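Data block below; observations after.
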Amino acid sequence: TAETPDRLARLPIDAGDLNAIATLAPGVVAIDATDSTAAGFSVAGQRPSANTITLDGMTFGAASIPQDAVRVTRMVTNTYDVSRGQFSGGLIASVTRSGTNVFQATATGTLRDPAFAVTSDSLTAQPAAQQQLSFGLGGPLLPNRLFGFVAAQGRHRDSRLVSLLDLTGGGAERYGIAADSVQRFLGIVGGFGVPSATTGIPDTRGGTDYSGIARMDLLLGESHTLTLRGDWRHSTDEPTRLGALALPATSGASGSHGGGGMIQLSSRFGESVFNEAKLYLSGSRSSGDPYLALPQGRVQLASTLPDGTVGSSTLTFGGSSALPLRSTSGSLEATDEISWLSPDAAHRVKLGVFLNRTRTTQELGNNLFGTFLYQSLDDLERGRPAMFTRTLTPDERTGVSSTVALYLGDAWRASSALQLNAGVRAEHSWFGDAPPYNPTVNTWFGLRTDRLPVETHLSPRAGFTWLLRESGAPPRWSVRGGWGEFRSPIPSQLAVAAQSSAGA
């Protein structure tokens, strides 16, 4: 399915949210974001990492772009085009606008206010506020030769913050806790001098997102076009890593920023041969810091609720055991495709090569200050923890993943109603920075810890599209089918995690 900005403007969705656009396609299920995972979508029950997002044909590391920068967005859940790879779920393919000889400007603003929503008495189902403003501006820098287009978007999100302090006035039973247990817990923690909250923690859960895109197109004669495109993004979330059964001080603040630059050369040789070469460099960085540099405490308790049932839960106080976090990622992607168009335009044969290399570094500071575990409120009051755990040093992990692919295919328009696609795609992927060799694991299990997966695979594909139409009318039905194998790359996080799992 193809979605244009005009069509998306008439729908009740965020036109710059690519995950939301994906859910317009049949069979796509949205996956909400959490404190530790980003929003995504699932196709045919597959994990979100089986999907991919491209911008102008190159892998894009974000799911939100300025809506005024987009010319068209396509959601692909089944394709037999051998030029498309690196996914087995769904593909979101967006194309940015370019400048023309005509000056153009657009601006879009949206406001979502809980005051206009039907509210609920549930603490877990509160409407969120959102303010968003975006603009696009383009035109000729040199008439008939150099064109430019820029777009930017800013968004502020705000929703109610639900923590253990909000349950003192009622609602604790919904989480399996008796109201008097909450009051006793807060009294004990306050007696220890451990803060429930601290200055700098917002009263609501909020975040900001900023993004921008700039593009220039230069005509190098009648046969060549040079395109330069840059993208940038920045986001913050505060507070983060806060559960409803935790005190606000156990959370922290997180943020991320990234961007990239693309260069593209489109060429035509004669009347039937076309070539398109692209190079894209991108990088991103994210971090998270706790509000308090204190150990975390967790109390397990069982409460008898008013209806006679027994609820079991864990209350959290102190600092954050999940923060700090640091991660960086850099990627190089290059493609080149040459295609030949038959004189009658019935066949388009294309030969292409694809290269992607990504380097990821993670610095995990989980549980640096330690965690105390108490089995009851009595144990907490008497200062008798059942367990104490702590990570002495941060865990730094680095991983490199690489993929190269070669493909050859033909798109044949057999008639105005029938189109056939056939071809083959060969892929080879490997990882770098393998963990050290552990002879004990090799002796006992016959496995090498210093070897990461290497894959070489050949994927043939064949498909058809049949349009059912009446004479002179647009097609009323389309039937698609085919055969092929689609492969998602092995998530780089698995290889990165293997570095710290080579055994002692």
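Looking only at segment 269-287, which residues have a backbone nitrogen under 13 Å from a spot 7 Å from the Cα of residue 223 in the C-beta direction?
Output list for this probe position: 269-275.
How big is the convex hull of the Cα atoms of segment 167-227, per residue, in Å³?
Measuring per residue, one finds 195 Å³ for the Cα hull of segment 167-227.
R0 = 45 Å: FRET efficiency of residue 375 with residue 115, Cβ-based, nearest 0.05?
0.50
Nearest 0.05, what FRET efficiency do residue 272 and residue 10 give at R0 = 45 Å with Cβ-Cβ as r?
That pair, residue 272 with residue 10, gives E of 0.65.
Just to confirm a number: summing +1 for Lys and Arg and -1 for Asp and Glu over residues other than residue 498 whose beta-carbon lies under 12 angstrom from that of residue 498, what do you get?
+1
How big is the convex hull of the Cα atoms of segment 210-363, per residue, in Å³? The partial results should precede the final answer.
Details: hull volume 30.0 nm³, N = 154.
With only Cα atoms used, segment 210-363 gives 195 Å³ per residue.
Report the accessible area of residue 347, computed with a 1.4 Å probe over the heavy atoms of all protein chains in place, in Å² rounded to the nearest 10.
60
For segment 406-419, just list the computed ³J(HN,Hα) in residue order, Karplus coefficients 6.51, -1.76 and 1.60, θ = phi - 60°, integers in Hz, with x standing in for Gly and Pro.
9, 9, 9, x, 9, 9, 10, 8, 5, 7, 5, 10, 10, 10
How about segment 210-293: which GluC sites (Glu not before Pro) there are in a DSSP loop, with at most 15 other Cβ atoms within 10 Å of their Cβ?
Values: sites: 222, 271, 276; in loops: 222, 271.
For GluC sites (Glu not before Pro) across segment 210-293 that sit outside H, G, I, E and B with at most 15 neighbouring Cβ atoms in 10 Å, the list reads 222, 271.
Along the Cα-to-Cβ line of residue 478, 7 Å from the Cα, sits a label point; which residues in segment 6-22 have backbone N less than 19 Å from it?
Under cut-off, by backbone N: 6-8, 21-22.
Tell me the net charge near residue 213. Cut-off is 13 Å between Cβ atoms, residue 213 excluded, with +1 for each Lys or Arg and -1 for each Asp or Glu. Don't jump to the answer; show the numbers that get you there.
Details: positive: 71, 97, 215, 229, 233; negative: 56, 68, 231.
Neighbour charge sum, excluding residue 213 itself: +2.
Given a 1.4 Å probe and heavy atoms of the protein chains only, how would you sort 68, 166, largest accessible area at the top?
Highest to lowest solvent-accessible surface, that is 166, 68.
So who's got an amide H within less than 5 Å of the one on residue 321, skipping anything under 5 residues away but keeping other chains? H placed 1.01 Å off N, in plane.
none
If we count every other residue with Cβ under 10 angstrom of residue 61's Cβ, Lys/Arg +1 and Asp/Glu -1, where does the sum land?
With Lys, Arg at +1 and Asp, Glu at -1, the net is 0.
How far is helix 179-191 tilted, in degrees, relative to the longest principal axis of the Cα atoms in the chain, given as a value from 0 to 90 rounded to the nearest 10?
Long axis of 179-191 versus the principal axis of the chain: about 80 degrees.
Give the accessible surface of the chain per residue, rounded to a whole number of Å², with probe radius 1.4 Å and ligands, DNA and RNA excluded.
About 51 Å² of surface per residue is accessible.
Which order do the peptides 376-386, 44-54 come out in when sorted by mean C-beta neighbours inside 10 angstrom, highest first?
44-54, 376-386
Compute the length gained on full extension between residue 71 and residue 34: take 0.36 nm times their separation in residues and subtract their Cα-Cα distance, giving the result in nm to one decimal. Write out the running numbers ahead of the final one.
Working: separation 37, 0.36 × 37 = 13.32 nm, distance 3.02 nm.
Stretched fully, the residue 71-residue 34 segment lengthens by 10.3 nm.
Keeping all protein chains in place and using 1.4 angstrom, which order do 407, 210, 175 fall into by accessible surface area, from largest down? Spell out each step's value before the answer.
Values: 407 15, 210 110, 175 55 Å².
I get 210, 175, 407, largest accessible area first.
Whenever you get a sec, compute what percent of the accessible area on the chain sits on carbon and sulfur atoms (1.4 Å probe).
Details: 14780 of 25910 Å².
Carbon-and-sulfur percentage of accessible area, whole number: 57.
At a probe radius of 1.4 Å, what is the per-residue accessible area of residue 466, in Å² to the nearest 10?
120
Using DSSP to call loops (not H, G, I, E or B), can you name the trypsin sites (Lys or Arg not before Pro) in segment 447-498 whose Cβ has at most 15 other Cβ atoms within 10 angstrom?
Passing both the DSSP loop test and the Cβ count: 448, 451, 469, 476.
The values are calculated or read from the model by the stated rules, or taken from the named source; none is laboratory data. Note that this is a predicted model, so its numbers are computed, not measured. All Cβ positions, glycine included, derive from the backbone under ideal geometry; neighbour counts span all protein chains shown. Heads up: the accessible areas ignore ligands, DNA and RNA and are worked out on the full protein's heavy atoms, side chains in. Shrake-Rupley method; radii C 1.70, N 1.55, O 1.52, S 1.80 Å.
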